[in-house]
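For reference, the structure discussed in these notes is given below.
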């Protein structure tokens, strides 16, 4: 079995996070990590808060 990792992101919203996690589990993947990042300023722009989700996928499937 060959494993690959997939990174998804979603807005800082519990409903969006729930939907993304549900989709990942429906696809048969396994969530490895969920990280929340606050909004921040980079130069003249603002980067929105959000979640980064890392999942493990069977690449042979």
Quiz item: How about segment 6-30: which of its residues are part of a strand (DSSP E or B), under 11 Å from the mean Cα position of the chain (by Cα) and within 17 Å of residue 61 (Cα to Cα)?
Solution: 6
Quiz prompt | The one condition in (1) touching a residue at least 40 places away in the same chain (Cβ under 8 Å); (2) surrounded by 12 or more Cβ atoms within 10 Å (Cβ to Cβ); (3) within 15 Å of the chain's Cα centre (by Cα) that residue 58 fails to fulfil | solution = (3)
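Values in this text are rule-based calculations from the coordinates and carry no lab data. None of the values given here were measured: they were computed from a predicted structure. Note: ideal-geometry Cβ built from the backbone for every residue, glycine included; neighbour counts use all protein chains shown.
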